[in-house]
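Worksheet: one structure, shown below.
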Amino acid sequence: MILAKEFNRNRFARDSDFTISTNGPQPPTIVQFGANVPQELARASSLVVPFSSGVDLNCGCPQSWACAETMGAALMEKRELVRDMVIETREQLRRDGWGVGKDKDIDNPKGRSVSVKIRVHKDLRKTMDFITTVLGPDQDRHIDWLTIHPRTRSTPSSTPINLEALELLTSIFGDRVPILLSGDVFALNALPFTSPLLTPTPTFTTTTTSSSSPPTIPTPSSAEAEKTNNNNNNPLTYHIPKLAGLMSARALLCNPALYAGHTACPWSAVESFLNHAARGPLPFKLVLHHLSEMCAPGMGPDKSALLARQERAEMMRCGNMLDLIDFLDGKREVRRDQF
Ligand SMILES: Cc1cc2nc3c(=O)[nH]c(=O)nc-3n(C[C@H](O)[C@H](O)[C@H](O)COP(=O)(O)O)c2cc1C
């Protein structure tokens with residue numbers, strides 16, 4: 001979440017919050033803002049869309065400083081303001097010459113999206129009112145898609161997501177707007193619900209010992225995939241047919257290869273990350289932080305780790321990029337010799 005007001009006013013905020021590679025075409029990137037004034041969100045969006053695929057408004061951050069400023073999850077009580085912010089932003093982008101026709105502009109190189117990420121209320125009728133207001137008319141809805149984090153502002157992230165809420169909200173609104181789930185997406189083969197979105201799910205059982213051998217890709221039948229996609233201990237079986245996508249945060253930090261079907265972080269992901277980090281202006285402490293997440297057991301049921309706890313502690317003592325690369329090469333070499 002980038003703070004729109006500061007982004008608009010301060011060159012240092014812009015430089016530190018938003019840096020992109022100028023190295024050829026980049027993957028689609030959505031820039032998310034925290035805002036509470038329509039013109040601020042519209043202006044900040046106008047600044048970033050030449051370098052991104054779209055903008056998102058954060059209505060989910062529960063942190064007290066954000067809520068005190070009427071940003072993040074506090075916006076769940078301000079549905080008209082959220083509607084006005086996305087309308088103003090869409091209008092600004094239209095005036096700037098971008099394609100904001102939603103599905104019509106999917107293949108348009110100038111097409112840009114405006115979306116919103118929300119939490120749910122304890123009383124789901126309030127969430128339904130919120131979504132109805134923010135969506136607007138079906139023939140020209142105000143947002144391209146909606147991401148739902150099915151927890152309330154005060155639900156700790158250790159409490160499982162509210163699948164009943166997700167089931168209800170997607171069944172009511174899923175035909176009117178693409179809905180993405182954010183929350184507890186830990187591994188593609190271990191989601192606590194079934195959905196056509198996940199069938200068939202390619203699964204790479206990650207070998208933490210070697211990445212040179214290609215992972216096996218089982219192609220499960222629909223029935224098998226549904227079974228594995230629903231392997232939690234929940235006695236209720238949830239089926240979410242109208243889900244359009246999955247967003248992952250904590251699990252993706254540990255395993256950036258999650259969407260490729262890996263159940264744990266493979267060495268190839270570490271290698272790829274290091275190659276990018278060596279070229280990009282990423283502070284060394286951040287490089288170490290990401291690697292400590294990637295080399296530890298992940299969030300899903302596969303708890304294999306690239307490095308043991310003691311080895312991770314040793315890695316954190318590396319003082320520079322060269323030491324770090326040598327250290328990881330050494331660890332990987334030892335594993336190659338052992339297996
Ligand atoms: C380190 C970290 C940073 C996050 N930053 C943001 C953010 O900037 N904007 C946002 O909407 N959510 C943010 N979240 C929340 C996640 O998007 C997500 O809704 C939440 O963590 C639950 O999903 P998960 O189970 O996949 O982690 C963040 C979460 C983590 C762990």
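The values are calculated or read from the model by the stated rules, or taken from the named source; none is laboratory data. Because the structure is a prediction, the values reported are computed rather than measured. In this analysis, Cβ positions are derived from the backbone assuming ideal geometry, glycine residues included, and neighbour counts consider all displayed protein chains. The accessibility values were calculated without ligands, DNA or RNA, using every heavy atom of the protein model including side chains. Shrake-Rupley method; radii C 1.70, N 1.55, O 1.52, S 1.80 Å.
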Number of positions in the range 71-100 that are closer than 19 Å to residue 9 by Cβ and within 16 Å of the ligand (Cβ to nearest atom): 2
Selection within the range 1-50 - basic (Lys, Arg) and crowded, with 17+ Cβ neighbours inside 10 Å: 5, 14, 43
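Residues checked against (1) outside any loop (DSSP other than H, G, I, E, B); (2) under 23 Å from residue 62 (Cα atoms):
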residue	(1), (2)
6	yes, yes
19	no, no
22	no, no
25	no, no
33	yes, yes
36	no, yes
40	yes, yes
49	yes, no
Qualifying residue in the range 120-134 (condition: within 14 Å of the ligand (Cβ to nearest atom), touching a residue at least 24 places away in the same chain (Cβ under 8 Å) and surrounded by 13 or more Cβ atoms within 10 Å (Cβ to Cβ)): yes
The range 63-83: number of residues that are assigned to a helix (DSSP H, G or I), under 17 Å from residue 40 (Cβ atoms) and charged (D, E, K, R): 2
For residue 66: the one exception among (1) in contact (Cβ under 8 Å) with a residue 60 or more places away in the chain; (2) within 16 Å of the ligand (Cβ to nearest atom); (3) crowded, with 22+ Cβ neighbours inside 10 Å: (3)
Residue in the range 272-287 that is modelled with the lowest pLDDT, counting only those that are assigned to a helix (DSSP H, G or I) and surrounded by 14 or more Cβ atoms within 10 Å (Cβ to Cβ): 277
Residue identified as of a type outside the set (S, T, N, Q), farther than 23 Å from residue 160 by Cβ and within 14 Å of the chain's Cα centre (by Cα) among 256, 266, 281: 256
Among (1) in a helix (DSSP H, G or I); (2) out of contact with any Gly (no Cβ under 8 Å at 6 or more places or on another chain); (3) buried (at least 19 other Cβ atoms within 10 Å of the Cβ) - the single one residue 116 does not satisfy: (1)
Condition met for residue 303 (open to solvent by 50 Å² or more (accessible area, probe 1.4 Å) and closer than 23 Å to residue 190 by Cβ): yes
Residue 147 closer than 16 Å to residue 181 by Cα, assigned to a helix (DSSP H, G or I) and open to solvent by less than 20 Å² (accessible area, probe 1.4 Å): no
Residue within the range 288-298 that is more than 16 Å from the ligand (Cβ to nearest atom), free of Cβ contacts under 8 Å to residues at least 40 places away in the same chain and either open to solvent by 30 Å² or more (accessible area, probe 1.4 Å) or touching a strand residue (DSSP E or B) at 6+ places or on another chain (Cβ under 9 Å) (or both) present: no
Of all residues making up the range 227-258, the number that are at pLDDT below 95, within 15 Å of the ligand (Cβ to nearest atom) and in contact with a strand residue (DSSP E or B) (Cβ under 8 Å, 6 or more places away or on another chain): 0
